[in-house]
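For reference, the structure discussed in these notes is given below.
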Amino acid sequence: MPKVLIADKMSAAATQVFKNRGVDVDVITGLSKEELIDIIADYDGLAVRSSTRPDAEIIAAAKNLKVIGRAGIGVDNIDIKASTDRGVVVMNTPFGNAVTTAEHAIAMLFSAARQIPSASTRTQNGEWPKSDFKGVELFNKTLGVIGCGNIGALVAERALGLKMKVIAFDPYLTPERAVKLGVEKVELDELFQRADAITLHTPLVESTKGIVSRARLGMTKKGVIIVNCARGGLVDEEALKDALEAGHVRAAALDVFAVEPAKEHPLFGTPNFIATPHLGASTLEAQENVAVQVAEQMADYLLTGAVSNALNTPSISAEEAPRLKPFVDLADRLGRLTGQLLHDPIQSIELTYKGAVTDLNTDPMTAAALAGLLKAAMPDVNAVSAPVLAKERGIEIKESYVNEAERAESLIRLAVQTSERKFVVVGTIYRGEPRIVRLFGVPMDAAFSENMIYVRNDDKPGFIGKLGAVLGDNKVNIATFSLGRMAKGDEAVCLVSVDGPVTDEVAAQIRNLDHVKIVDAVSL
């Protein structure tokens, strides 16, 4: 009988699900890292929330561990790479607390607009400070929503019900989806310039870190309200403090902070500032939802091999896994490669399957390709949530099949249409390994590697030598070099596999070479 440890406080419904499914379960919360290491080898599954942090050392000690389930969305507390290296599936529950988080954001918006917490505290302290609190109406105001995915769309829906105007910035939000939601799609700077209140619903990635910056706060209207119930680190907290003290920002309400728990913080005590201790998902309904979901998913995996909402492996049934695995891996790599080369919003995605692969279940391949493609902007995306997230953003997804079973090879073609151009990459499985056979119209034969450099350049003599010199001067060792072109003297494409990550400085030096058009560093 499989055995699971619930290491963080969660609804008792999770325990009951495991027992009903025939899974042995222990509930031991508040363990130190050392205590968890001492007992983790006894368990096949580990269910956590945010307090327990299964790092590489804990996972290394977990000799029998097969699955880690996170009752919630964020998995910052789980070492996914170490889990993957050990073959441990990491699952989350991406949709269990969306409504709750959206409602908390609206509650914070109301609280900031009327300064309800301060008014309540002073009134209960024996004051009657009626003249000190002049709030603002939300009616007919413009709400700027940064990140219009599942939660952001729910916030927009509720704001429209309050008769607010809603503008939204989201690179993956198509104009058609914006119309359906009833919001106006705008660029980021325009959102900061026009909004009377701004609410954040985007993941924390390199491109969104500090998205509410000092410079962007300077673009806002005097009297703007800032709300963040998404991720700490999205807001420059020092800049926000200065803007509050200067009276430029009317009020701010944060549920999340760059460093948590935030028991001391420069913003605490600042006039017109409201703080809650990461309560976005803290309702009875949401806590039960995510607890039940994670227990059901873990039990299914341990008992049948079914994978749901996994972050490091696509959803595949136990029967299909051996045949599908290499093609799912290929689709995932094609998606991750393409996702890191895109610089414009995605409008549509088409996957074409050719050859014997058409006889297989291609759904996990499509899901893996979508997850890989979206991962650059949404690191929490997985093979189950990716199709839903793409649909929410109005991205059209097509699949087509060319049955060429007589061919020895099977091909997967990923075509992504952006607002500027169409990107096409084709891959195959050769001797059990995934390979690239065509990249943006250029035939080539290239293996995937952990670190690669993509270069598009004019086909001119001497370029390869200059590129090699730049890498050599920066002590970047070349593992493999794959080059292709459409015709003599035409545009050429190369993929260079290197032994380590490529810095922005090295990429800039390559970009400055003659005849270079595009340079991107890719990390798989």
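Any read-out appearing in this document is the output of simple, stated calculations on the displayed coordinates, not a laboratory observation. Bear in mind the structure is a predicted one, so any value in this text is a computation, not a measurement. Positions of Cβ are backbone-derived with ideal geometry, glycine not excepted, and every protein chain shown enters the neighbour counts.
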| note | In degrees, nearest 10, the alpha-carbon axis of helix 363-374 is tilted away from the dominant principal axis of the alpha carbons of the chain by 70
| query | Considering the alpha-carbon set of the stretch 279-396 alone, what are its Rg and its Dmax in angstrom? | reply | 15.7, 51
| said: What are the extents of the Cα atoms of the stretch 1-123 along their three principal axes, in Å, largest first? | reply: 56, 31, 25
| Quick one: I106, I151, fewest Cβ neighbours within 10 Å first, how do they rank? | I106, I151
| note | Scattering profile of the stretch 254-320 from the Debye formula, Cα beads only, expressed as log10 I(q)/I(0) at q = 0.11, 0.16, 0.21 Å⁻¹, is -0.50, -0.72, -0.89
| field | Cβ-derived FRET efficiency at R0 22 Å, D514 paired with H343, nearest 0.05 | value | 0.50
| query | For I116 and R421 in the same chain, what is the full-extension length gain: residue separation times 0.36 nm, less their Cα-Cα distance, in nm? | reply | 104.9 nm
| Ranked by how many other beta carbons lie within 10 Å on average, peptides 299-306, 499-506, 386-393 from highest | 386-393, 299-306, 499-506
| message | No solvent, one uniform scatterer per C-alpha: report log10 I(q)/I(0) for the stretch 163-205 via the Debye equation at q = 0.29 1/Å, two decimals. | response | -1.20
| How large is the dipole of the chain about the Cα centre if only Lys and Arg carry +1 and Asp and Glu carry -1, each at its Cβ, rounded to the nearest 20 debye? | 1040
| message | For N474, project a label point 7 Å along Cα to C-beta. Then give me every residue of the stretch 358-402 with its amide nitrogen under 12 Å of that point. | response | none
| request: With only alpha-carbon atoms counted, please give the Rg and Dmax of the stretch 357-482, in Å. | output: 17.4, 49
| remark: In nm², the average projected area of the convex hull spanned by the Cα atoms of the stretch 79-176 is 10.4
| request: Just the Kirkwood number for the stretch 423-478, please: inverse of mean 1/r across all distinct Cα pairs, in Å, one decimal. | output: 13.2
| said: Could you tell me the relative contact order of the stretch 29-161? Use alpha-carbon pairs under 8 Å, at least six residues apart, and round to a whole percent. | reply: 18
| Positive-end residue, the chain charge dipole about Cα centroid, Cβ charges, pick of L46, H104, L162 | L162
| field | Values of log10 I(q)/I(0), in the order q = 0.09, 0.10, 0.12 Å⁻¹, for the chain under a Debye, Cα-only, solvent-free model | value | -0.75, -0.92, -1.23
| Does anyone have the angle between helix 150-161 and the longest principal axis of the chain? Alpha-carbon axes, 0 to 90°, nearest 10? | 40
| query | Which value in Å does the Kirkwood hydrodynamic radius of the stretch 152-298 take, with 1/r averaged over all unlike C-alpha pairs and then inverted? | reply | 16.6
| note | If R0 = 45 Å, then R53 and E505, at their Cβ-Cβ distance, give a FRET efficiency to the nearest 0.05 of 0.85
| task | Just subtract the alpha-carbon distance of K221 and A41 from 0.36 nm times their residue separation and send over the number in nm, one decimal. | result | 59.2 nm
| message | Just to check I understand the Karplus step: with θ = phi - 60° and J = 6.51 cos²θ - 1.76 cosθ + 1.60, what whole-Hz values come out for the stretch 15-20, glycine and proline as x? | response | 4, 5, 4, 4, 5, 5
